[in-house]
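These notes concern the structure reproduced below.
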Amino acid sequence: MTELRQPAQTNTGAGGSAGGGSFLAGFRSNITATGLSPRKTTIGFVLAWVLFFYILYWMPQPAGLSLSGKATLAAMVWACTMWVFEAMPVGISGLMIPMPLVMTDAIKPFPKAADGFTTPVVFLCLAAFLFAAIMQAAGLDRRIALSLLKWMKVKTVNGVIWAMFVVNIVLSFIIPAANARAATLLPVINGITNFFGDTEAERNGKKAIVIQTLVYGSMISGMCILTAHLPNLVIVGLFEKQLGLKLSYVDWFIMQWPYLGMFVLTQWWVQYYFKTRAVSMAGGYQAVEKQHQELPRTSQSEWLILAAFALVAIAWMTETFHKVAAHNVALIGLAVLFIPGVLGFKWKELQDRTIWGTLLLLAGALSLSSAMSGSGLAKWLADVLHPVSAGQSWWMILLVFMVGTHIMRLGMLSNVAAITMIAPILLALAPKLGLHPVAFTMLVADTDTFAYLLPTQITAAVIAYSSGTFTMTDYFKVGWVSVLIAIAYGILVMAPWYAFLGVPLWDPAAPWPFGKV
């Protein structure tokens, strides 16, 4: 009986019916059970609300900022603090964003405060998430990755990295988030690296493969495909709403494909740093062959899924001709896939694989971005930042804001959260600096994707870090140079490329070369 009563006493204390210390211990225990730090989470949660009420009720009204703008500032600081400290699941914080906007009179009525939840971008994102869930439930994501690796017959560390980059690009059409692609490829990569030995060269080979494939490859490939990187959708939605400018699936690829060159440069640097040129991959190739042989035969359902997705991809690429918007194409594709008999698994298998939290974060982020622009907060913040680089040349302004973005990103995990905060400000700031709003916003926002200083800055890097192949120090030492390469690439390659397409950073009056809403 004693053994039965003891757990009950511990349980009661955790539940809070004993003394105050036990009550707080119960909260700490529950936070720890969620995988978070009780101290960091509690500080972040309390700080978010303290800052919210301070800005709303006690902070003096800033000159030039409306009351609704001040209320929006309170909501923005609340959300960013929650995101930095991970005090709430990102999906819940995203879902909550319309609440403080409405209750503080920042934006009214509620449908307007929550308009991010009804934009075409959200429907496109949801459809893409469901496509990814279908591919994962059918096992097609892993089949595609292993088939490509086997077909390329890689034999060196560098060969595997290049082969996995091709896999990343293919999966970018299927899986709409870098963190989801990294999670998909993690078991494949672990299977390859497990066949390496424990010499220094082989350990370095593992580090190079994991960092370059799961982090750099996932992020860079996603920049070129509109639906493959959630910040892309935030940016496009902002351009449509604030400027009336449209970027189709193909338009986005045309503007962004030169970023593929970043993988060439980071691969050169990673290869040089880890000295992987002569490291053999024979064992890894055997692992790929073994895993590929264990795959079952492709089923009828899998062929139908591939056919449906191929048609959707073609329709996305030919939007200019048939004029059916990408989100409508995606929904039509879902309607085809859910014809009875096409799929051979239950809805729950898709429900469990769909990234609902990220979807809610995106929708809430779009609502916040809209509120920042609509309330005048973005314009006011742009006025505050304007003196920082006023009068400088275009490349110096770009350099200042790129470096500033990387400093800001040291404490944030989410690309979506970061872009939500900075994109409306950049859009409002560009005309004041005499720069093209689209080129300036995209170039600075794009550099956020290369937040490679700490694994905690990108979810895909957290996933890669879970492999246990590299340390924080390894990641930083190779990452800070990669960040410098990314900044130089944006200024020396991407800015001239945008100018070549008719979107010169230094000419805010240049006519828009693509479609309008």
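A few notes on this one:
- Residues in the range 236-274 that are of a type in the set (Ser, Thr, Tyr) and under 22 Å from the mean Cα position of the chain (by Cα): 4 in all.
- Check on GLY357, open to solvent by 20 Å² or more (accessible area, probe 1.4 Å) and either in contact with an Asp or Glu (Cβ under 8 Å, 6 or more places away or on another chain) or not in a helix (DSSP H, G or I) (or both): no
- Here THR469 clears all of (1) touching a residue at least 60 places away in the same chain (Cβ under 8 Å); (2) among the β-branched types (Val, Ile, Thr); (3) closer than 21 Å to LEU233 by Cα except the condition numbered (3).
- Only residues that are exposed (fewer than 13 other Cβ atoms within 10 Å of the Cβ), assigned to a loop (DSSP other than H, G, I, E, B) and hydrophobic (A, V, I, L, M, F, W, C) were counted across the range 308-353, and they come to 2.
- Tally, over the range 130-162, of residues that are open to solvent by less than 30 Å² (accessible area, probe 1.4 Å) and in contact (Cβ under 8 Å) with a residue 60 or more places away in the chain: 18
- Index of the failed condition, ASP474 passing every other in (1) modelled with pLDDT of 80 or more; (2) within 23 Å of LEU368 (Cα to Cα); (3) charged (D, E, K, R): (2)
- Pairs are defined by a Cβ separation below 7 Å, a sequence spacing of at least 6 or placement on different chains, a first member in the range 93-105 that is closer than 20 Å to SER66 by Cβ, and a second member that is assigned to a loop (DSSP other than H, G, I, E, B) and open to solvent by 10 Å² or more (accessible area, probe 1.4 Å); the pairs so defined are PRO98/ALA114; LEU101/ILE107; VAL102/LYS108.
- Residue satisfying condition, being closer than 24 Å to PHE263 by Cβ, surrounded by fewer than 18 Cβ atoms within 10 Å (Cβ to Cβ) and touching a helix residue (DSSP H, G or I) at 6+ places or on another chain (Cβ under 6 Å), within set ILE463, ILE485, ILE491: ILE485
- Residues located in the range 113-129, provided they are open to solvent by less than 20 Å² (accessible area, probe 1.4 Å) and either touching a Phe, Trp or Tyr at 6+ places or on another chain (Cβ under 9 Å) or over 19 Å from TRP78 (Cα atoms) (or both): VAL121, VAL122, LEU124, CYS125, ALA127, ALA128, PHE129
- Considering the conditions (1) part of a helix (DSSP H, G or I); (2) farther than 25 Å from ALA326 by Cβ; (3) among the hydroxyl-bearing types (Ser, Thr, Tyr), TYR452 is excluded by exactly one of them, (1).
- Test: residue in the range 435-453 that is more than 22 Å from ILE397 (Cα to Cα), over 20 Å from the mean Cα position of the chain (by Cα) and open to solvent by 10 Å² or more (accessible area, probe 1.4 Å): no
- Selection of the range 372-397 for residues being over 26 Å from LEU65 (Cα atoms) and either basic (Lys, Arg) or in a helix (DSSP H, G or I) (or both) yields TRP394, TRP395, MET396.
- Of all the criteria given as (1) closer than 20 Å to SER367 by Cα; (2) open to solvent by 30 Å² or more (accessible area, probe 1.4 Å); (3) assigned to a helix (DSSP H, G or I), the one not satisfied by LYS40 is (1).
- Residue, surrounded by the fewest Cβ atoms within 10 Å (Cβ to Cβ), within the range 363-405, restricted to residues that are small (Gly, Ala, Ser) and in contact with a Gly (Cβ under 8 Å, 6 or more places away or on another chain): GLY376
- Filtered residues of the range 48-72 (kept if open to solvent by 50 Å² or more (accessible area, probe 1.4 Å) and either of a type in the set (A, V, I, L, M) or within 29 Å of GLU86 (Cβ to Cβ) (or both)): TRP49, VAL50, LEU51, PHE53, TYR54, TYR57, TRP58, ALA63, LEU67
- Candidates ASN168, ASN179, ASN204, ASN190 - the one that is touching a residue at least 40 places away in the same chain (Cβ under 8 Å), part of a helix (DSSP H, G or I), in contact with a helix residue (DSSP H, G or I) (Cβ under 6 Å, 6 or more places away or on another chain) and over 29 Å from ILE314 (Cβ atoms): ASN204
- Criterion: closer than 21 Å to ALA128 by Cβ and either in contact with a Lys or Arg (Cβ under 8 Å, 6 or more places away or on another chain) or small (Gly, Ala, Ser) (or both) - qualifying residue of SER373, SER369, SER393: SER369
- When the criteria are applied in full, THR420 meets the requirement of being of a type in the set (S, T, N, Q), modelled with pLDDT under 95 and under 19 Å from ALA382 (Cα atoms).
Residues are listed down the side, and each one gets a yes or a no for (1) in contact with a helix residue (DSSP H, G or I) (Cβ under 6 Å, 6 or more places away or on another chain); (2) of a type outside the set (Phe, Trp, Tyr):
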{"residue": "VAL288", "(1), (2)": "yes, yes"}
{"residue": "SER299", "(1), (2)": "no, yes"}
{"residue": "ALA326", "(1), (2)": "yes, yes"}
{"residue": "GLY333", "(1), (2)": "yes, yes"}
{"residue": "PHE338", "(1), (2)": "no, no"}
{"residue": "THR354", "(1), (2)": "yes, yes"}
{"residue": "THR358", "(1), (2)": "no, yes"}
{"residue": "ALA365", "(1), (2)": "yes, yes"}
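- One residue from PHE45, PHE53, PHE85, PHE110 being free of Cβ contacts under 8 Å to residues at least 60 places away in the same chain and touching a Gly at 6+ places or on another chain (Cβ under 6 Å): PHE85
- Which numbered condition PHE110 fails, given (1) in contact with a helix residue (DSSP H, G or I) (Cβ under 6 Å, 6 or more places away or on another chain); (2) modelled with pLDDT of 90 or more; (3) surrounded by 14 or more Cβ atoms within 10 Å (Cβ to Cβ): (3)
The values are calculated or read from the model by the stated rules, or taken from the named source; none is laboratory data. None of these values were measured; they are calculated from a predicted model. Virtual Cβ from ideal backbone geometry, glycine too; neighbours counted across all protein chains shown. Protein only, heavy atoms only, side chains kept; ligands, DNA and RNA dropped before computing areas. Shrake-Rupley method; radii C 1.70, N 1.55, O 1.52, S 1.80 Å.
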